[in-house]
Each structure stands twice: as structure tokens, then as C-alpha cells.
1. Considering only residues that are crowded, with 20+ Cβ neighbours inside 10 Å and of a type in the set (Val, Ile, Thr), which ones fall in region 163-206?
2. Search region 207-221 for residues being assigned to a helix (DSSP H, G or I) and in contact with a Pro (Cβ under 8 Å, 6 or more places away or on another chain), and hand back the single one that is surrounded by the most Cβ atoms within 10 Å (Cβ to Cβ).
3. With the requirement that a residue be surrounded by 21 or more Cβ atoms within 10 Å (Cβ to Cβ) and more than 15 Å from Leu266 (Cα to Cα), what does region 95-113 give you?
4. Please find, within region 119-173, the residue that is farthest from the ligand (Cβ to nearest atom) out of those that are outside any helix (DSSP H, G or I) and without any contact (Cβ under 8 Å) to a residue 60 or more places away in the chain.
5. Among (1) over 18 Å from Trp125 (Cα atoms); (2) within 13 Å of the ligand (Cβ to nearest atom); (3) crowded, with 19+ Cβ neighbours inside 10 Å, where does Met25 come up short?
6. Based on this model, can you work out whether Trp263 counts as touching a residue at least 12 places away in the same chain (Cβ under 8 Å) and surrounded by 16 or more Cβ atoms within 10 Å (Cβ to Cβ)?
7. Pairs needed: first member in region 66-87, free of Cβ contacts under 8 Å to residues at least 24 places away in the same chain; second member anywhere, within 12 Å of the ligand (Cβ to nearest atom); C-beta distance under 7 Å; at least 6 residues apart or different chains.
8. Out of the residues in region 4-25 that are under 14 Å from Met211 (Cα atoms) and not aliphatic (A, V, I, L, M), state the one that is nearest to the chain's Cα centre (by Cα).
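The values are calculated or read from the model by the stated rules, or taken from the named source; none is laboratory data. Just so it is clear, the model here is predicted, and its values are computed rather than measured. FYI the Cβ positions are ideal-geometry reconstructions off the backbone, even for glycines, and counts take in every protein chain you see.
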Amino acid sequence: AEAELETGFHETIEHEQRIEPRDWMPDGYRKTLVRQIAQHAHSEIIGMQPEGNWLTRAPSLRRKAILLAKVQDEAGHGLYLYSAAETLGADRADLTDKLITGRQKYSSIFNYPTPTFADVGVIGWLVDGAAICNQVPLCRSSYGPYARAMIRICKEESFHQRQGYELLMCMMRGTDEQRAMVQESVDRWWWPSLMMFGPPDDDSPNTAQSMAWGIKRHTNDELRQRFVDMTVPQADALGVTFPDPGLAWNAERKSYDFGEPDWSELKAVITGHGPCNAQRIEQRKQAHDDGAWVREAATAFAHKQKETA
Ligand code: ACO
């Protein structure tokens, strides 16, 4: 019977149909999905911090309202993704515990500081731009709840990307100091944005199996290339440059050649040694502890409702 179920699973994948929560699935498939979805959820939640840093100091009411909406969207994405992980049998409290005790990862990109307001624009443009590049293909992921979550998330990410670009255009029309601030921020975020796509294909242990299962649709390097090709013309339009002397149009490949990111930096950031790792986890832990009374009250209320029902 197990062999039959396994055949059914592979047929579903082959026919580009979706695996749903109640379907049989191999343990490895479930484990890989929980790993990726949990990391993704954690990234959204931790990702609220670098920009949240500017909420109290946004330069105008309009910028503050936009930023507030954006940061709230990230919280929504995180909760949406935790729900998708729950359909695989994962427990949300357990996932949070694994995050704050360093047993599960979140995106490397959120371990960099945001010292200037231009960072808000550059995160929208480059970081959310990279996120879209990576996540639009995930709308076709083989696991139904994950793929469906991605549709809404990508729509909101597109709004985030545009607000970032619009903010930068506005600053580029401003003073020399503002233009310099944008360029300085782009210089800091370019390489970390390329690293978001993960290690190069020949050093990516999970890609082959995840592609075979239809969890991932493209390799890390394919998506990185796509991102570079999409972003270089946007930089030209904006009037900024990327800090890569190797960046050049390759007419033969009809793509941009670009330099090699410093992979030792990615390794360091992923293993907890980035500039802000400790601060991010500490703040997440603090927020979780501060919210204990809310969880307790909600649980007590739910019990009470059950009793009186
Ligand atoms: N940051 C942190 N960890 C990373 C990163 C990164 N940028 N890239 C790779 N890793 C980790 C992987 O999670 C894996 O570790 P693990 O086995 O302990 O989980 C290891 O490095 C090796 O990498 P891969 O074999 O390439 O791993 P994988 O196939 O999972 O690919 C990727 C990584 C591309 C990030 C994939 O998981 C993915 O597409 N995730 C969904 C998108 C996502 O999480 N985005 C979050 C950031 S964007 C945002 O939210 C705004």
C-alpha cells in the first residue's frame, strides 16, 4: 500500500498537480517543506526589525504611514506562512522556539543594519525585489498551501518594491546629500541582496532534491542572474551604480556578467556571525516574552468559550 501511495505522489508531481495536506507524502518532502516554510516565515517576522527601526523617525507622515503598512504586511506574511507550516503538522510555538534558540534559520539579509533612511528605499527596491524574483516561481510550488500563500504575498511584495523605488526616485531628485545617501546605501546592500538567493549551485545541498520535488522551481544561480538582469536597468534609470567592476552586458548570453559575491560572508551571516544577528534574535525573544500574557489570555478565553458552548 505504501508503494502505491508513493507512486501516486510521484504522479501528482509529474503531472504538475498539487500535493495537499491530507495527501500521502514522503517524510523528506514534508521535512524539506517545513524547513523552507519555517525559514521563510521567520524571515518575514525578523524582517520587520530593520525597517521598523525607522518607524518613529520617518521624515513625513506620508512616509510613516507607508512604512507602517509595509511592516504590518510582513507580519501578515509571517503568520500566513506559519499557518502553511501548520498544515504539515508543525507546531507554531515550537517553530518560534527553534528560531529564538538558533535551531532554525532566517534570511541572511535581515542581519544587516539600517543606519540611514535611504535604507528603507533600498530594502524595498533591492531586498523586496530579490524576494519577488525568488518567490514568484514559488507560486507554482508543488505544495498547495505554500503555493497559494505565495500568490498574495507576491502581490504585496510588489507594492513594497515599488514604494522603495519611488522613495529612492524622490531622494534622487533632491539634494546632492540625498543622492549620496542613496548611493552609499546601494553600495552596502548590493552584495548582501545577491547572497539572499543562497549559495552557488555547486555548493547548494538542497537544490537538486527540492527541484525534483517541485518545491523549488529554479536554482539559486538562475534566480540570481534573473535578479541582476532585472535590476541593472533600474539602477541606470535611478542614476546609481552597483559596486561591482565586473558588471557588464554580455551580448552573447544576452545577460549581465557580474562578480562573485564573498561566499565566506554569507556563511558567516548564516551561522550567526553577521553584524546584527544577536540583536535580531534578542529583540524577537523580548517581543515573544512580552507577548506571553496575550497568549495566556487568548488561551483562557478559548477555554471559557468551550465551557459555555
Ligand atoms: N539566508 C539564510 N540561510 C540561507 C540562505 C540565506 N540567504 N541561503 C541559503 N541558506 C541556507 C539554507 O537554508 C540551507 O540551510 P539548511 O539546510 O540548514 O536549511 C543552506 O543555506 C544551504 O542552502 P541551499 O541548499 O541552497 O538551501 P535551499 O534549497 O533551501 O535554498 C533558499 C535557499 C533559496 C533561500 C530557499 O530556501 C527559498 O527559496 N526559500 C523561500 C524564500 C525565502 O525564504 N525568502 C525569505 C527571505 S525574503 C523576504 O522574506 C523578504
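1. Once the filter is applied, which keeps residues that are crowded, with 20+ Cβ neighbours inside 10 Å and of a type in the set (Val, Ile, Thr), region 163-206 yields Val182, Val186.
2. First, pick out the residues of region 207-221 that are assigned to a helix (DSSP H, G or I): 207-212, 220-221.
Applying the additional criterion that residues be in contact with a Pro (Cβ under 8 Å, 6 or more places away or on another chain) yields 220-221.
Numbers: Asn220: 20, Asp221: 16.
Going through the qualifying residues, I end up with Asn220.
3. Residues satisfying the conditions are Leu95, Leu99.
4. Initially, region 119-173 is screened for residues outside any helix (DSSP H, G or I), giving 136, 141-143, 173.
Now narrow it down to the ones that are without any contact (Cβ under 8 Å) to a residue 60 or more places away in the chain: 136, 173.
Details: Val136: 11, Arg173: 27 Å.
Checked region 119-173; the qualifying residue farthest from the ligand (Cβ to nearest atom) is Arg173.
5. In the conditions (1) over 18 Å from Trp125 (Cα atoms); (2) within 13 Å of the ligand (Cβ to nearest atom); (3) crowded, with 19+ Cβ neighbours inside 10 Å, Met25 misses (2) alone.
6. Working: touching a residue at least 12 places away in the same chain (Cβ under 8 Å): yes; surrounded by 16 or more Cβ atoms within 10 Å (Cβ to Cβ): no.
For Trp263, the condition - touching a residue at least 12 places away in the same chain (Cβ under 8 Å) and surrounded by 16 or more Cβ atoms within 10 Å (Cβ to Cβ) - is not met.
7. What qualifies is Val71/Met48; Val71/Glu51.
8. Kept after step one, since they are under 14 Å from Met211 (Cα atoms), are these residues of region 4-25: 10, 13-14, 16.
This time we only want the ones that are not aliphatic (A, V, I, L, M), so: 10, 14, 16.
On the way: His10: 28, Glu14: 27, Glu16: 25 Å.
Filtering region 4-25 for residues that are under 14 Å from Met211 (Cα atoms) and not aliphatic (A, V, I, L, M), the one nearest to the chain's Cα centre (by Cα) comes out as Glu16.
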